[in-house]
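Coordinate-derived values only; no laboratory data. If you're wondering where the values come from, they're calculated on a predicted model, not measured in any experiment. Cβ placement follows ideal geometry from the backbone for every residue including glycine, while neighbour counts extend to all protein chains displayed.
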Amino acid sequence: MKIALGVSGGIAAYKAAEIARLLQDRGVRVQVVMTRSAQEFIRPLSFAALTGEKVITDLFSTGGETPNLDSAVEHISVAQSIHALVVVPATADILAKFAHGICDDFLTTLHLATTAPVIVAPAMNVNMWNHAATQQNLQTLRARGVHIVEPGSGYLACGMIGAGRLAANEAIVDAVMQVLEVKPGAAAERDLVGETILVTAGPTREKIDPVRYISNRSSGKMGYAIAEASAQRGARVLLVTGPATAKLPELANLEVTRVESTDEMRSAVLGLLPQATVVIKAAAVGDYHVKAIAEHKIKRGGPLTLELEPNPDILKEIAARKHNQIVIGFAAETQDLLANGRKKLESKSLDAIVINDVSRDGIGFDSDRNAVTILTRDGETVVAETSKCEVAHRILDQISPLRAHRPARA
Ligand code: PMT
């Protein structure tokens, strides 16, 4: 489920950050859209850090000299991708604009362009709330099916007492969840019900001695995003994770196995494999382990040589043992991306491979964003730089076409 969270310019704008977090905790993807005046109260960066998504602040991107076509039609793509437009806080101004169909910025344009349900949580001074114009605008919006989360009464930021205080967080979140659940077609997004998806994430650690190890920069974010998106789309998820730094998603249909070394990851994955209908291997698995792990801490001295032995290739073993499972691997590459990715697709007998350019700053290892090319035997899908959450969904979109080429599941 994805919503656009519109933030308009009122003193309660900071509360929208808490609403974003609470919705994310319930498995909702949040795309924040801010009006110009909202940015006087809270900075877009706060929302970007919280949601891991770009915050939309302008109708036209101001990054380059000329706005590009992508930014010019972004309101249409956002309008089509959301399950609800939620505005917190909704000022008297935004209610008036919505009621009169004005579209002079991204949020108001999105409001006209979307067919998704609209939920507004008004907050303003008591006299503005009681003003006949505001009440008439609310009437108009109600008549159009807009959900109004009524404000509470009490002490207002302007020093007055009365109606106009933003409703409690829980009331807003409950209203959103209620609307999302009754939305016709909502079930269409739960396209992975019946699948059991085995996801690996994070790095592995190969011990050198009791205090040292060899590892890599994987944070687990990519694998966790896949696990979370799979669970949101209705799959049962078996997540095998190395010692990652990212926050583990907390979802009911997610079962987590923690491992440390490649050997432990191999045992866990092969043990769970018979239950899986799909395997997605985003983990950055160590290719080598230390031949003789020192029993005691190695003392500092002259040059030290460690003898490394290759680890088993877990992905290759999965592909060799699979029955009817769809197996999707990753390829972390720094050069000849497509050629190297295609080689791994073939040599590991995969159904698809996600090629990740790990030489670029800001994507890949330990970042919130990514850009990948997904190769299948039928073609390639390029996913331009976006959030790892979005990349995860684009990877999961491959399951249904890959399944179509398969005999029915047992
Ligand atoms: O965790 P993040 O910080 O979010 O970073 C994400 C990522 C960059 C780690 C991820 O997007 C990624 O690219 N993962 C694959 C890393 C990797 O090990 O790539 P590889 O090209 O070395 O391995 C190819 C595939 O074989 C991978 O699916 C890997 O899980 C698997 N493999 C590798 C070695 C091994 N011994 N056994 C394996 O199963």
*Using unit Cβ charges (K, R positive; D, E negative) and no other charged atoms, how large, in debye to the nearest 20, is the dipole of the chain about its Cα centre?*
680 debye
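What is the calculated FRET efficiency for Glu309 to Arg43, with r their C-beta to C-beta distance and R₀ = 41 Å, to the nearest 0.05?
0.20
Counting DSSP beta bridges in region 2-180, what percent are antiparallel, to the nearest 5?
20 percent
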*asked:* Starting from 0.36 nm per residue, how many nanometres of slack lie between Lys291 and Ile11 once their C-alpha separation is accounted for?
replied: 94.7 nm
*asked:* Between Ala143 and Arg26, what's the calculated FRET efficiency when r is the beta-carbon distance and R0 is 22 Å? Round to 0.05.
replied: 0.15
*Run through the DSSP bridge list for region 285-379 and note the antiparallel percent, rounded to the nearest 5.*
60 percent
*Just the number, please: percent antiparallel of the DSSP beta bridges in the chain, rounded to the nearest 5.*
35 percent
*Take each of the peptides 149-162, 119-132, average the number of other beta-carbon atoms within 10 Å over its residues, and list them starting from the highest.*
119-132, 149-162
*Putting +1 on Lys and Arg Cβ atoms and -1 on Asp and Glu Cβ atoms, find which of Val269, Gln31, Pro303 reaches farthest to the positive end of the dipole of the chain.*
Val269
*Pairs to check: Lys316/Lys343; Lys221/Lys281; Lys281/Lys343; Lys247/Lys322; Lys316/Lys344; Lys221/Lys322. Give those whose C-alpha atoms are more than 19 Å from each other in this structure.*
Lys247/Lys322; Lys221/Lys322
_Computed [θ] at 222 nm, deg cm²/dmol, the chain (DSSP H ≥ 4; -39,500 (n - 2.57); rounded to nearest 500)_ = -9500 deg cm²/dmol
*What are the residues whose amide H is under 5 Å from the amide H of Leu308, where those residues sit 5 or more places off or on another chain and H is modelled from the backbone?*
Lys291
*If the viscosity is 1.002 mPa s and the temperature 20 °C, what Stokes-Einstein diffusion coefficient in µm²/s follows for region 281-359 when Rh is the Kirkwood radius over Cα pairs?*
143 µm²/s
*Considering Cα pairs under 8 angstrom that are at least six residues apart, work out the relative contact order of the chain and quote it in whole percent.*
11 percent
*How would you order 80-92, 279-291, 35-47 from highest to lowest mean count of nearby Cβ atoms within 10 Å?*
80-92, 279-291, 35-47
*So, in Å, what gap is there between the alpha-carbon centers of region 126-167 and region 314-389?*
51 Å
*DSSP H segments from the chain that extend 18 Å or more along their own axis, Cα-based, with Kyte-Doolittle mean of -0.5 or above*: 169-182
_Cut-off under 5 Å, modelled amide H: who pairs with Tyr213 long-range_ = Ile208
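What is the packing order of peptides 167-175, 248-256, 293-301, taking the mean over residues of other C-beta atoms within 10 Å and listing the highest first?
167-175, 248-256, 293-301
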